[in-house]
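Working notes, beginning with the structure itself.
Any read-out appearing in this document is the output of simple, stated calculations on the displayed coordinates, not a laboratory observation. Model, not experiment: these values are computed from the prediction. Every residue, glycine among them, receives a Cβ derived from its backbone with ideal geometry; neighbour counts consider all protein chains shown.
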Amino acid sequence: MVTALTDEVIIKHAEPDNLPSVIEINRSELPENYPPSFFMDLLERFPNYFLVAVLAKSNEVVGYVVCRIEMGFPSEGGFSIVKKGHVVSLAVRKPFHNRGIGTMLMKTVLEEMVRNSIDESYLEVRINNEKAIRLYKKLGYKVVRELPHYYLDGTTGLLMVKKLR
Ligand SMILES: CC(C)(COP(=O)(O)OP(=O)(O)OC[C@H]1O[C@@H](n2cnc3c(N)ncnc32)[C@H](O)[C@@H]1OP(=O)(O)O)[C@@H](O)C(=O)NCCC(=O)NCCS
C-alpha cells in the first residue's frame, strides 16, 4: 500500500528498518515514550495499522501512526463485543507540521480499519493538546469522557471515539 500525498511525501506500511526513526520521532514529539520492543511487537502483530509518512526522494521518515486492534465493549456503551482500532500513537516531525501529513496518516489508517470491518476507532489525547483534538474532531472522532490523571504528569486525558459501522 502506497498513498501519494504530495509530490514529496508518501504514506506506506512501516517496515522494521523504519523503527529507529519512528522511535526518535516519538521521543522528540511526545511525552509518552515507549521502548523499541513495544513498537516491534505492534509491527509484528498489526502490520496493516502501522503507517509511516516518508519523503519520496530520501526515504526519510517524517511521521507515523501506530494502532492496536482490540476486542471489547463499545466505548460509548453496550454489551456486545466489538472490534476496536486503538490509535496508540501519532506524531509528525515538527518541521513537517501543518502540511496535512497527520491528517493523511489518520485517514489512511481509518480506511484500513473500515476495509477490515473494525467497528470503532478510539484514542486518548491530552486535554490541552488543542491541535490534535481539532484534527481528530475534523475526522469525526467525538469526546466520550474525560480520563482524570490519565497521564503520568497528572494531565487529564480525553477518550475520543469514531464509529466506523
Ligand atoms: C498532532 C499532529 C500529529 C498533527 O500533525 P500535522 O501533520 O501537523 O497535521 P495536519 O497538517 O494534517 O493538520 C494540522 C493543521 O494543518 C492544516 N493543514 C493541512 N494541510 C495543510 C496544507 N497543505 N497547508 C497548510 N495547512 C494545512 C490543517 O487544516 C490543520 O489545521 P486545523 O487544525 O486548523 O484544521 C502533530 O502536531 C504532532 O506530531 N504533534 C505532536 C504529537 C502529538 O500531539 N500527537 C497526538 C497525540 S494524541
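Structure values in brief
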quantity: Candidates Tyr122, Tyr136, Tyr151, filtered to the one that is farther than 24 Å from Val54 by Cα, within 16 Å of the ligand (Cβ to nearest atom), surrounded by 13 or more Cβ atoms within 10 Å (Cβ to Cβ) and without any contact (Cβ under 8 Å) to a residue 60 or more places away in the chain; calculated: Tyr122
quantity: Qualifying residue in the stretch 55-74 (condition: within 12 Å of the ligand (Cβ to nearest atom), outside any loop (DSSP other than H, G, I, E, B) and surrounded by fewer than 20 Cβ atoms within 10 Å (Cβ to Cβ)); calculated: no
quantity: Complete set of residues in the stretch 86-101 that are crowded, with 19+ Cβ neighbours inside 10 Å and over 17 Å from Leu158 (Cβ atoms); calculated: Ala91, Val92, Ile101
quantity: Subset of the stretch 75-85 (residues that are part of a strand (DSSP E or B) and surrounded by 18 or more Cβ atoms within 10 Å (Cβ to Cβ)); calculated: Lys84, Gly85
quantity: Subset of the stretch 75-95 that is within 9 Å of the ligand (Cβ to nearest atom) and in contact (Cβ under 8 Å) with a residue 40 or more places away in the chain - its residue that is nearest to Phe46 (Cα to Cα); calculated: Ser89
